[in-house]
Amino acid sequence: MISRELVSLMDLKERNLLTLADFTPEEIRFLLDESKKLKKQFKAYERTKPLKGLTLAMIFQKRSTRTRVSTETAMYFLGGHAIFLSADDIQLGAGETIQDTARVLSRFNDGILARVYAHSDVEKLAEYASIPVINALSDKFHPLQILADLLTIEEHKGKLKGLKLAWVGDGNNVANSLLIGCSKMGIDMYVATPKGYEIPEDVVQMCEEFAEESGAKLVMTHDPVEAVKDADVVVTDTFVSMGEEAEAKKKLEAFKHYVVTEELVANAKPDYIFMHCLPYKHKEAEESVFESENSVVFDEAENRLHTTMAVLKNLMG
Ligand code: CP
Ligand code: NVA
């Protein structure tokens with residue numbers, strides 16, 4: 001076990017963040033502790049400016065509220081500058097290759113943050129860039145979201161290890177990343193999806209290995225009640241992710257028994273927390289659950305800022 005002192009000296013400079021699978025539990029713990037420190041004093045960084053003189057190129061091939069605004073705000077508070085590049089703004093959207101984009105941005109900037117369709121695109125950016133590349137959501141993973149989720153769980157439950165988290169819904173990018181986060185940090189995760197929408201086998205297998213280290217129990221099921229029974233945390237996400245619009249009708253039909261209803265959450269512990277990365281699309285959970293006292297979705301959204309600041313400060317600073 002790594003000592004607390006070593007953790008406080010951890011050096012993540014120049015690392016990529018494509019998925020939390022590449023980070024040890026100690027490194028994730030370090031980023032969470034950094035986030036807590038930054039949360040207490042984030043406006044103070046306006047004075048010390050740890051990223052003064054540094055710039056971040058932000059490629060967004062899909063829309064975003066939380067990721068874009070938290071990252072731009074984080075760069076401002078850390079004293080650096082963020083450059084927003086939508087698909088319409090840069091030549092990447094008109095056929096320039098990822099390889100060339102990565103090499104050019106590496107000559108101008110100190111970091112690249114990218115929201116893309118195919119996960120292989122962030123991998124290719126990282127392969128060709130000589131500066132850190134941060135995944136701001138791909139079809140497979142959303143690591144920045146999960147750092148915020150872990151911080152939110154710890155703030156509300158006082159711990160991570162030994163909790164039971166239920167995921168009800170799609171086996172999508174957020175679910176994949178949450179399985180990594182839980183399996184690394186010792187949270188038992190029960191995943192209830194319809195048949196055909198499970199978390200991919202390669203992700204489950206990788207997480208089983210992480211879980212052996214942490215002691216987390218991972219259960220893949222099709223039964224939402226089994227997943228939610230006595231859960232400390234209940235999580236869902238949209239049934240139709242960005243890029244899946246053409247499948248919306250089919251998916252909504254397949255997911256009709258996976259809506260987080262009041263009846264379903266009655267199976268969780270009375271003090272359970274409800275989480276959702278947002279945006280809420282009003283199909284995946286009842287309004288009364290989303291708006292309930294148990295819902296911590298806006299704390300979770302706020303924590304995107306503090307955890308992103310910890311990532312930017314330590315990977316780019
Ligand atoms: N949760 C999340 O990533 O939200 P945005 O799509 O608004 O960035
Ligand atoms: N699964 C969703 C998450 C949005 C933040 C999507 O990929 O659209």
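The values are calculated or read from the model by the stated rules, or taken from the named source; none is laboratory data. Note that the structure is predicted; figures quoted are calculated from it, not measured. Every residue, glycine among them, receives a Cβ derived from its backbone with ideal geometry; neighbour counts consider all protein chains shown.
Structural remarks
- Flag for residue 57 being modelled with pLDDT of 95 or more, among the hydrophobic types (A, V, I, L, M, F, W, C), within 15 Å of ligand 1 (Cβ to nearest atom) and within 30 Å of residue 298 (Cα to Cα): no
- Check on residue 48, more than 16 Å from ligand 2 (Cβ to nearest atom) and among the β-branched types (Val, Ile, Thr): yes
- Pairs, first among the aliphatic types (A, V, I, L, M) in the range 265-278, second within 16 Å of ligand 2 (Cβ to nearest atom), C-beta under 6 Å, six or more apart: 275/235; 275/300; 278/301
- Restricting attention to the range 14-54, the residues being among the hydroxyl-bearing types (Ser, Thr, Tyr) and modelled with pLDDT under 95 number 2.
- Test result for residue 159, more than 12 Å from ligand 2 (Cβ to nearest atom), in contact with a strand residue (DSSP E or B) (Cβ under 9 Å, 6 or more places away or on another chain) and either charged (D, E, K, R) or under 24 Å from residue 244 (Cα atoms) (or both): no
- Hits in the range 242-297 - residues which are within 16 Å of ligand 1 (Cβ to nearest atom), within 29 Å of residue 158 (Cβ to Cβ) and of a type in the set (Asp, Glu): 284
- For the range 198-255, filtering for residues that are of a type in the set (Ser, Thr, Tyr) and either surrounded by fewer than 17 Cβ atoms within 10 Å (Cβ to Cβ) or over 18 Å from residue 174 (Cα atoms) (or both) leaves 2.
- Inspection of the range 159-182 identifies at least one residue that is more than 14 Å from ligand 1 (Cβ to nearest atom), assigned to a helix (DSSP H, G or I) and touching an Asp or Glu at 6+ places or on another chain (Cβ under 8 Å).
- Residue count for the range 121-135, restricted to those that are within 17 Å of residue 200 (Cβ to Cβ) and away from ligand 2 (no atom under 16 Å from the Cβ): 1.
- Evaluating residue 51 against the criteria (1) touching a residue at least 40 places away in the same chain (Cβ under 8 Å); (2) crowded, with 20+ Cβ neighbours inside 10 Å; (3) part of a helix (DSSP H, G or I) leaves one unmet condition, (3).
- For the range 91-119, a residue qualifies if it is assigned to a helix (DSSP H, G or I) and aromatic (Phe, Trp, Tyr), and exactly one does: 108.
- Against the conditions (1) away from ligand 1 (no atom under 16 Å from the Cβ); (2) farther than 21 Å from residue 301 by Cα, residue 232 satisfies every one except (2).
- Given (1) away from ligand 2 (no atom under 16 Å from the Cβ); (2) surrounded by 22 or more Cβ atoms within 10 Å (Cβ to Cβ), index of the condition residue 70 fails: (1)
- Of the set (1) out of contact with any helix residue (DSSP H, G or I) (no Cβ under 8 Å at 6 or more places or on another chain); (2) surrounded by 20 or more Cβ atoms within 10 Å (Cβ to Cβ); (3) hydrophobic (A, V, I, L, M, F, W, C), all apply to residue 108 but (2).
- When 123, 155, 127 are screened for being of a type in the set (Asp, Glu), more than 18 Å from residue 21 (Cα to Cα) and not in a loop (DSSP other than H, G, I, E, B), only 155 passes.
- Flag for residue 138 being buried (at least 21 other Cβ atoms within 10 Å of the Cβ), assigned to a loop (DSSP other than H, G, I, E, B), within 16 Å of ligand 2 (Cβ to nearest atom) and not aromatic (Phe, Trp, Tyr): yes
- Of the listed requirements (1) outside any loop (DSSP other than H, G, I, E, B); (2) within 16 Å of ligand 1 (Cβ to nearest atom); (3) not aliphatic (A, V, I, L, M), residue 62 misses just one: (1).
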